[in-house]
Amino acid sequence: MLPASSPRLDASLPATAGSVARLRFWLHRHHAAVTVTGCLLVAGALALGIWGKRTDFAAALQLAPLWILAVAIVLHIAWLVARSEAWHVCVDAAGGKVSRRRLYRAASLGYLGNTFNGQFGLAVRIAALRRSAPRESPPPSVLIAAELPIVVVEVSLAALASITLVGPLGVPWWVPLLCLAFGLAVVAVLTRVARDHRDGFWKGFAVMRGLQGRSSIIGLMVFAVCAQIARNWLVLQGIGVDSSVLDATALLIGVAVIGLLPVGPSLGAAAAVVILGANGVAATAAAGALLTATGAVGALCFASWALVDRLRPSARSLAASLPS
């Protein structure tokens with residue numbers, strides 16, 4: 001026989017639920033303030049941690065050759081293009097009729113916003129796409145759902161690569177296996193949901209119904225992840241950090257996990273110190289800072305292309321209207 005719950009516990013449950021709801025509403029309403037505060041706190045902690053080695057940090061920033069930084073920017077642009085194409089595949093499967101160029105332009109603004117916060121970047125992407133193509137693009141709820149297959153594949157790849165965390169963080173060997181099993185289970189559930197639900201919000205999962213759609217997303221994200229791993233490894237090597245491809249992969253996972261927090265532009269340095277701090281706090285923090293900087297430059301280049309591409313038709317129309 002189950003013990004009866006106490007009246008005090010029953011009375012406390014609605015109060016707790018109400019407190020959680022109020023907290024979520026407050027966080028949503030003050031999202032920008034929370035992001036700025038989190039960014040300042042993490043940046044302050046990093047500055048305090050490397051203050052005693054600030055000379056080493058400044059020297060490490062100057063070690064990476066310019067060609068390595070240039071390649072890191074190109075690899076980040078390749079990641080942006082691959083992820084934009086994956087988004088285009090998902091939106092197209094969900095019923096969108098947006099041209100690839102227009103979707104890429106909207107994506108470029110969102111990925112520029114990712115420098116500050118991933119959720120903010122997603123909101124910018126959706127808003128930009130809806131504003132530029134309100135009739136051709138699906139509703140916002142479907143666009144949000146269309147992002148989930150990409151995230152699920154990314155999580156599954158991260159789970160597969162989480163074996164690289166066993167060394168740097170001392171994670172038990174069985175944890176990566178559990179993560180991989182969880183990722184595969186999520187993919188299977190999402191595929192089942194996509195087949196059974198085809199209306200409204202669920203249309204965003206349409207890409208998971210067929211083998212071709214799933215294969216396209218997986219292939220694009222594998223390419224994107226490999227580009228980011230290569231970028232991490234190049235910058236770590238260029239700055240003098242003794243690291244392997246496994247360390248570069250672990251750093252990528254660390255960036256993905258810590259990126260869920262509102263840490264802003266300090267994300268790269270924070271993740272590098274947490275994952276690879278044993279190789280030298282100053283050097284790893286400098287590598288993380290360079291990864292953030294080259295990523296921001298790559299996003300700016302992508303956004304600049306989008307701006308030029310958008311202004312080009314206007315320039316042609318203006319030239320055609322001028323008297324010869």
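At most 10 other Cβ atoms within 10 Å and a DSSP loop assignment: could you name the chymotrypsin sites (Phe, Trp or Tyr not before Pro) in segment 107-212 that fit?
Values: sites: Tyr111, Phe116, Phe120, Trp173, Trp174, Phe182, Phe201, Trp202, Phe205; in loops: Phe116, Trp173.
Here the chymotrypsin sites (Phe, Trp or Tyr not before Pro) that fit, given the DSSP loop and packing criteria, are Trp173.
Toward the positive end of the charge dipole of segment 149-282, about the Cα centre and with charges on Cβ (Lys, Arg +1; Asp, Glu -1), which of Phe223, Trp202, Gly238 goes farthest?
The one lying farthest along the dipole's positive direction is Trp202.
Give the dimensionless ratio obtained when the Cα radius of gyration of segment 168-233 is divided by 2.2 N^0.38 Å. Walk me through the intermediate numbers first.
Details: Rg = 15.5 Å, N = 66, 2.2 N^0.38 = 10.8 Å.
My calculation over the Cα atoms of segment 168-233 gives 1.43.
In nm, to one decimal, how far is the modelled label at Arg101 from the one at Val171, with both set 7 Å along Cα→Cβ?
4.3
Using alpha-carbon positions, what is the distance between the centroids of segment 164-193 and segment 90-124, in Å?
27
Sort His197, His88 so that the residue with the fewest other Cβ atoms within 10 Å of its own Cβ comes first and the one with the most comes last.
On the way: His197 13, His88 22.
In increasing order of surrounding Cβ atoms, one gets His197, His88.
Each value in this text was obtained by applying a stated rule to the coordinates, not by laboratory testing. Quick caveat: nothing in here was measured; it's all calculated off a predicted structure. Every residue, glycine as well, gets a Cβ built from its backbone with ideal geometry; the counts of neighbours run over all protein chains shown.
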